[in-house]
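A.B. asks: Structure in structure tokens, see below.
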Amino acid sequence: MGKAFSSCRMRKSIRSNRALLSFENVQNEAAPLKYYLPNFISDTDIMVILHFLDRYLFQSNFNAPIEELLLDGKFKVLDVCCGAGTWLLDMASVYKSSNFFGIDLCSVFPTEIKPHNVEFVQGDILEGLPFEDNTFDFVHQGNMVEIFTLGQWRFITMELIRVCKPGGYIEFTEPELGNNPGPILSKFYDALIKLSESRNVKIRMYENLINILDSIPMVQNVESEIKSTILGSKRGGNAGHEYLEVHNGYFLNVPMPETMCKFMGLTEEQYFEMFYEAKKEVLDGIAPKCEVYRIWCQKRFEED
Ligand SMILES: C[S@@+](CC[C@H](N)C(=O)[O-])C[C@H]1O[C@@H](n2cnc3c(N)ncnc32)[C@H](O)[C@@H]1O
């Protein structure tokens, strides 16, 4: 059982995308990171699939009411923990007269070959964003659950709000751990919950994130939308198929097998064998419902 993926149309476009981007080799860089989830070049493919899956599910790259302003131009957008910059590059290619900025701990983003309206910087959000107050019209962050503690989420949210202009918007797009997994996949989900608890990380962040935003007087109009798909193509169609690719990569890419084995009391060989069984279970239609949510809000005008 390897981590090879089946070929599909989306995958081909990812490969050609990758050929265009000049990624630095981050394999050596990954070791000392505080970040503990997969972040190797191979994981970039998974994040690209997840980006297009999110865009498909929501039929857009954002929910905040900013489309017209983006089209008018000179709109400043920041993506925090931007990874390879997939969301930003997609946005920048549509809204060519607006300006896009990305920040990530690790330089997995393109440093040379990129559109004129995109800039990337390396930085740790936990040390605070290297931008002045009230700089951006829209501040976005996606796919960061299972990484930060609740205290860190609160700090990060305050930072996102700080760098957003009054009247601007802040938005999160995040997946939630699937509901009603089959008996074998449940063992992986239970171990993931234990892993998160051992790091004081909340695995289900939807309610927590809403509560954080509701408790911050500087923002108003907190809204959310949830989309879902059933894992695997049998019940989830194409979206379920793509989600399964992401799901497989998450559990099989370095360092997850080694980390998870400790919580499951398995050898790596047993882990891969059991995951193969879990995947069969999903392919047979015994599969969880996976939700993705967007939460967005507006920073209050100073006179409000
Ligand atoms: C799961 S990926 C998500 C990437 C991107 N948001 C996306 O949706 O494709 C997590 C990213 O967060 C970055 N990251 C983790 N901890 C960070 C931190 N403290 N500051 C900045 N970036 C961080 C990692 O380097 C990685 O690129």
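A.B. asks: Send over the Kirkwood Rh of the chain, from the inverse of the averaged 1/r over different Cα pairs, rounded to one decimal Å.
C.D. replies: 20.0
A.B. asks: So how much slack lies between HIS116 and SER60, counting 0.36 nm per residue of separation and subtracting their Cα-Cα distance, in nm? Each step should come with its number before you reach the end.
C.D. replies: Numbers: separation 56, 0.36 × 56 = 20.16 nm, distance 2.26 nm.
Gain on stretching HIS116 to SER60: 17.9 nm.
A.B. asks: When the Cα centres of the range 211-272 and the range 283-304 are compared, how far apart do they sit, in Å?
C.D. replies: 13
A.B. asks: Another one. What list of ³J(HN,Hα) values in whole Hz, one per residue of the range 86-99 in order, does the Karplus curve 6.51 cos²θ - 1.76 cosθ + 1.60 (θ = phi - 60°) give from phi, with Gly and Pro shown as x?
C.D. replies: So the J values, rounded to whole Hz, are 4, 4, 5, 5, 5, 4, 5, 6, 8, 9, 5, 9, 9, 10.
A.B. asks: Need one number for the range 76-183: average projected area of the convex hull over its C-alpha atoms, nm².
C.D. replies: So the Cα hull casts an average projection of 8.5 nm².
A.B. asks: Against the longest alpha carbon principal axis of the chain, how many degrees, from 0 to 90 and to the nearest 10, is the axis of helix 233-252 turned?
C.D. replies: So the inclination is approximately 90 degrees.
A.B. asks: So with the 1.4 Å probe, I'd like the accessible area per residue for the range 51-209, rounded to whole Å².
C.D. replies: That works out to 40 Å² per residue.
A.B. asks: Excluding residues on the same chain fewer than 8 positions from LYS299, give the aspartates and glutamates whose Cα lies under 15 Å from its Cα.
C.D. replies: Here the aspartates and glutamates satisfying the reach criterion relative to LYS299 are ASP133, ASP137, GLU159, GLU171, ASP214, GLU223.
A.B. asks: If you take the beta carbon distance between LEU150 and GLU303 as r and set R0 to 35 Å, what does 1/(1 + (r/R0)^6) give as a FRET efficiency, to the nearest 0.05?
C.D. replies: The formula returns an efficiency of 0.65 here.
A.B. asks: Please list, in order along the range 271-286, the HN-Hα scalar couplings obtained from phi with the Karplus expression 6.51 cos²θ - 1.76 cosθ + 1.60 (θ = phi - 60°), rounded to whole Hz, x for Gly and Pro.
C.D. replies: 4, 5, 5, 5, 5, 4, 5, 5, 5, 4, 4, 5, 5, 7, x, 8
A.B. asks: Helix 183-198 sits at what angle to the longest principal axis of the chain, using alpha carbons and giving 0 to 90 degrees rounded to 10?
C.D. replies: 50
A.B. asks: In addition: Counting only protein heavy atoms and a 1.4 Å probe, tell me what percentage of the chain's accessible area is made up of carbon and sulfur.
C.D. replies: Of all accessible area on the chain, carbon and sulfur atoms account for 51 percent.
The values are calculated or read from the model by the stated rules, or taken from the named source; none is laboratory data. Computed from a predicted model, the values in this text were never measured in an experiment. Because the Cβ atoms are built from the backbone with ideal geometry, glycine has one as well, and the counts that use them run over all protein chains shown. Please note that ligands, DNA and RNA were not included when accessible areas were found on the heavy atoms of the full protein model with its side chains. Shrake-Rupley method; radii C 1.70, N 1.55, O 1.52, S 1.80 Å.
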